[in-house]
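One structure is given below, encoded as structure tokens.
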Amino acid sequence: MALPDLDDLIAEVDRTCDTAHRPGGQEQPDWLALLTSAAGLAGQLQSLADDLVEDYVEHCRMHGASWTDIGAALGVTRQAVQQRFHAPHKRYGPDTMSDDLRDAMVHVKQAAVAHRNNYIGTEHLLWGLTAQGNSATRLLETSGVVADDVHRSVGTRLGLGASQAAERIAWTPYSRKAIALAEDRAEQRGSARIDCDDLLVGLARIGRGVAATLLAEAGFEPVGEV
């Protein structure tokens with residue numbers, strides 16, 4: 001995969017900054033507006049880079065690597081890497097999920113195990129949510145999206161891995177963000193438990209990852225969501 005070079009990034013800033021250039025091109029461009037746009041793009045790239053590293057740190061820990069080893073791999077001290085990554089991620093147990101979402105999670109785990117993946121990505125979550133009828137599939141249908149079509153599409157994105165540690169499956173950063181957004185949505189509607197439609201909206205709101213891409217391609221836009 002070819003990474004963008006500096007010229008590519010400058011061109012993207014120039015393209016996306018609507019207020020950067022003055023009418024007629026007679027005056028200097030708005031350099032502060034361009035700087036703001038550049039800073040925003042840099043923040044997105046940094047966030048993506050952080051998610052990438054965090055995902056592999058979690059897998060290293062899951063497979064027995066020490067904090068000292070991880071720190072050495074990243075070129076920092078054990079203390080530094082622990083401070084950055086050791087904060088425990090909130091775990092969501094069955095008591096925080098509706099009955100339908102617990103059923104969907106069975107399909108999620110089965111998809112990961114069947115494909116020998118040692119992680120749960122947004123594609124696994126979307127697969128599980130669309131495996132049978134529930135509030136997520138009903139929300140899709142209400143939005144004019146055929147749930148079965150989404151299920152088939154996500155099935156083509158489940159790649160076969162080489163993991164033999166099916167009992168030790170880690171959630172990717174995007175998946176954790178999706179469930180956190182789902183919890184927020186459940187709280188906003190006054191529920192103590194996350195339902196399937198909450199997680200579906202969470203996957204769509206991330207804006208990145210396999211599930212968000214497939215939902216956008218299918219035309220899913222949650223009505224009234226902020």
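Things to note:
- Entry remark, the stretch 107-136: residues being touching a residue at least 60 places away in the same chain (Cβ under 8 Å) and either of a type in the set (A, V, I, L, M) or open to solvent by 10 Å² or more (accessible area, probe 1.4 Å) (or both) number 8 in total.
- Some residue of the stretch 52-70 being among the β-branched types (V, I, T) and outside any helix (DSSP H, G or I): no
- Residues that are among the charged types (D, E, K, R) and either in a helix (DSSP H, G or I) or modelled with pLDDT of 95 or more (or both), drawn from the stretch 117-169: E123, R138, E141, D148, D149, R152
- Any hit, the stretch 13-36, residues being under 29 Å from L200 (Cβ atoms) and modelled with pLDDT under 85: yes
- When the stretch 46-69 is filtered for residues that are in contact (Cβ under 8 Å) with a residue 24 or more places away in the chain and more than 19 Å from R176 (Cα to Cα), only H63 remains.
- Looking only at the stretch 55-97, residues that are open to solvent by 90 Å² or more (accessible area, probe 1.4 Å), over 21 Å from G128 (Cβ atoms) and either in contact with a Ser or Thr (Cβ under 6 Å, 6 or more places away or on another chain) or at pLDDT below 80 (or both) come to 7 in all.
The values are calculated or read from the model by the stated rules, or taken from the named source; none is laboratory data. Because the structure is a prediction, the values reported are computed rather than measured. Every residue, glycine as well, gets a Cβ built from its backbone with ideal geometry; the counts of neighbours run over all protein chains shown. Note: accessible area is taken over every heavy atom of the protein model, side chains too, but ligands, DNA and RNA are not part of it. Shrake-Rupley method; radii C 1.70, N 1.55, O 1.52, S 1.80 Å.
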